[in-house]
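Worksheet for the structure shown next.
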Amino acid sequence: MTMNIFKSCLYIGFVVFVGNLVIGEEWELGELGEIKFNQRHGPKIDLLENDTVARRYEGGCWSVCFSDRPLKVNQTLHFNITEVEMGWLANLNVGIYYGDPNDLPLGALVLCDANVSASLNNTEVFIFEAEKFYSEDNVYEFRIDHDGNALLSPNVTSDDIVFTGVDVNKTFFAIFNVFGDAKAVKLLGTS
């Protein structure tokens, strides 16, 4: 059942963002580009499942993590919130970090801000609202378009735009702050 939901969501995303898939054409999950979490991450993150899952193992913070490679303009990152721990007063952040995370000093990732961009320079993020968006069945799609709009779907905003003004001429990595109610995030691939 989970596999059917997953394939259905990715199929829709593929049609919408790439636009050249023949309706009804079968394709395999393996056709998504591989992406993992970077080895540079906050001290309360464990990387699991071949570095595709970032799980906060205790507390509610110190849990910033990045993609292992930069995202390209108009490339869609597919991810899922795989574990939730309700009761915190904060939520998952997802967005971009300009630059290479490997160049950050290790202490830079000991953060406990509800909005990671408040304390980590060169970062722009969207903050989830748990009661509206969390679903272990959702496959989220995040991308930056050519106009510098950050889009996140499904059902996050009416037009899927979560922030604007991204400098598409700079290198940027995906950033997650596995914070508050979000306990684990799984990267599913890129298209």
Restricting the range 52-99 to trypsin sites (Lys or Arg not before Pro) in coil, as DSSP defines it, with at most 16 other Cβ within 10 Å
Lys72
How much net charge surrounds Phe142 when only the other residues with a Cβ under 13 Å from the Cβ of Phe142 are counted, with Lys and Arg +1 and Asp and Glu -1?
-2
If you count only protein heavy atoms and use a 1.4 Å probe, how large is the accessible surface of Glu34, to the nearest 10 Å²?
130
Ordering Cys61, Cys112 from largest to smallest accessible area (1.4 angstrom probe), what's the sequence?
Cys112, Cys61
Using the per-residue mean of other Cβ atoms lying within 10 Å as a proxy for protection, in what order, highest first, do the peptides 99-108, 159-168 fall?
159-168, 99-108
Just to verify a number: FRET efficiency for Asp147 and Asn50, C-beta to C-beta distance, R0 = 25 Å, to 0.05?
0.15
Radius 13 Å from Cβ of Asn122, net charge of other residues (Lys, Arg +1; Asp, Glu -1)
-3
Listed residue pairs exceeding 25 Å between alpha carbons, taken from Lys36/Lys170; Lys72/Lys183; Lys44/Lys170:
Lys72/Lys183; Lys44/Lys170
Overall form of the range 48-191 per C-alpha gyration tensor (a/c, 1.5; a/b vs b/c):
rounded
Quick one: accessible area per residue over the range 55-176, 1.4 Å probe, rounded to a whole number of Å²?
45
Burial-style ranking of 140-151, 42-53, average other-beta-carbon count within 10 Å with highest first, yields 140-151, 42-53
On alpha carbon coordinates alone, what is the Rg over Rh value for the range 49-106, Rh being the Kirkwood radius?
0.95
Positive minus negative residues near Ala108 (Lys, Arg vs Asp, Glu; Cβ under 15 Å):
-1
Under the 7 Å Cα-to-Cβ spin-label approximation, Val73 and Glu85 lie apart by a distance in nanometres of 4.0
Of the accessible area of the range 42-170, computed with a 1.4 Å probe and all protein chains kept, carbon and sulfur make up a percent value of 46
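The values are calculated or read from the model by the stated rules, or taken from the named source; none is laboratory data. Small disclaimer: the values here were computed from a predicted structure and weren't measured. Every residue, glycine among them, receives a Cβ derived from its backbone with ideal geometry; neighbour counts consider all protein chains shown. Keep in mind that these areas ignore ligands, DNA and RNA; they rest on the heavy atoms of the full protein, side chains included. Shrake-Rupley method; radii C 1.70, N 1.55, O 1.52, S 1.80 Å.
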